[in-house]
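The values are calculated or read from the model by the stated rules, or taken from the named source; none is laboratory data. If you're wondering where the values come from, they're calculated on a predicted model, not measured in any experiment. A quick note on method: Cβ atoms are made from the backbone with ideal geometry, for glycine too, and the neighbour counts reach across all protein chains shown. SASA here: full protein model, heavy atoms, side chains in, ligands and nucleic acids out. Shrake-Rupley method; radii C 1.70, N 1.55, O 1.52, S 1.80 Å.
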Amino acid sequence: MAQRTPWSLSGALRGLFAKKTIDAETWDDLEDALIGADFGPDVTDAVVSELRAKVDRFKTTDPADLQRMLRENLEERLSRLNPTLKLTERPAVVLVVGVNGVGKTTTIGKFARFLGTFNRSVVVGAADTFRAAAVEQLATWAERAGAEVVRPQQQGQDPASVAYQTVEYAKNNDIDVAIIDTAGRLQTKGGLMDELAKIKRVLERQTPIAEVLLVLDATTGQNGLAQAQAFIEHAGVTGLVLTKLDGSAKGGFVLSVQEKTGLPIKLVGQGEGIGDLTGFTPHVFVQQLVG
Ligand code: GDP
Ligand code: MG
């Protein structure tokens, strides 16, 4: 079983909230803790100055009040965007994009199971057609999840045609959700973006695309976000999936990524098991983060 939520913030804050009073050191410690947890300088500055103003306004010196205000502040920020997946079309077509190794294929397996528990039938399409191993990996996950799979007829088949066949399969077999796996090779960024654009064009002729989910490996922090920028600019992303939050990820990234991209976090991966995917609930997340 994967370890869960070893986020550094609550540890870093423990000393601060254990003190008897709020003093000048409190603010330095809070700033250090937020930066250390990968909130990024902009969010950190904003949070610290908002909390300072609030502490002044309420004339409190009790660190417990500050802890509560921090929770409220972060929860309010995280709740600004709507995390609800829009899967009302039938079939609902979900395109999953992101750089290699972030966890796209694993997420699709977990997501298929997640949907299955809500009695939604799922077909997954292996539109990462270049490597046979990628197709097999997706097929294995689909089997575990109890989902159908559409494979390329030959290695290297046009990804857009596999995506097309997946949606046709969903239509012909009355399947609720079609999830399309894609390649993430960065060295061919231009080519990859063209490939994704073609997949989207082909799909949109069949049916509206319900969601384009960008998968981000949370352990890579701001650096991973920079790598994913091309997807945000070109792929028409509708939501984020953060993976590996069970690993060395720092919780502040969750907020900074949402504020930086303006895109809602819709799913969170916390392990390599098929059950390790949940929706995103700001309240629960902030409880884990701040304690
Ligand atoms: P893709 O290249 O984007 O399709 O990435 P994969 O789905 O192949 O995943 C790459 C690696 O990340 C695999 O070893 C996965 O088991 C691992 N992985 C994916 N999601 C998670 C997660 O939420 N937590 C952990 N610890 N590992 C994950
Ligand atoms: Mg993959």
Verdict on ASN119 being without any contact (Cβ under 8 Å) to a residue 12 or more places away in the chain and either out of contact with any His (no Cβ under 7 Å at 6 or more places or on another chain) or more than 30 Å from VAL48 (Cα to Cα) (or both): yes
Count - residues of the stretch 232-250 that are within 14 Å of ligand 1 (Cβ to nearest atom), within 17 Å of PRO83 (Cα to Cα) and not hydrophobic (A, V, I, L, M, F, W, C): 1
Some residue of the stretch 145-152 being open to solvent by 10 Å² or more (accessible area, probe 1.4 Å), within 16 Å of ligand 2 (Cβ to nearest atom) and in contact (Cβ under 8 Å) with a residue 40 or more places away in the chain: yes
Sole exception among (1) within 18 Å of LYS104 (Cα to Cα); (2) open to solvent by 30 Å² or more (accessible area, probe 1.4 Å); (3) in a helix (DSSP H, G or I) for LEU186, by number: (3)
So GLU233, is it over 21 Å from ALA37 (Cβ atoms) and without any contact (Cβ under 8 Å) to a residue 40 or more places away in the chain: yes
Single residue of the stretch 197-225 satisfying the filter (among the small types (Gly, Ala, Ser) and more than 15 Å from the chain's Cα centre (by Cα)) that is farthest from GLY279 (Cα to Cα): ALA197
Candidate set from the stretch 58-116 (those that are open to solvent by 20 Å² or more (accessible area, probe 1.4 Å) and among the aromatic types (Phe, Trp, Tyr)); member that is farthest from the chain's Cα centre (by Cα): PHE58
Odd one out for ALA160, checked against (1) away from ligand 1 (no atom under 13 Å from the Cβ); (2) surrounded by 21 or more Cβ atoms within 10 Å (Cβ to Cβ): (2)
Subset of the stretch 251-291 that is within 13 Å of ligand 1 (Cβ to nearest atom) and of a type in the set (S, T, N, Q) - its residue that is modelled with the lowest pLDDT: GLN270
Hits in the stretch 208-224 (condition: open to solvent by 10 Å² or more (accessible area, probe 1.4 Å) and in contact with a helix residue (DSSP H, G or I) (Cβ under 6 Å, 6 or more places away or on another chain)): ILE209, ASP217
Residue within the stretch 238-247 that is farther than 20 Å from ALA126 by Cα and open to solvent by 40 Å² or more (accessible area, probe 1.4 Å) present: yes
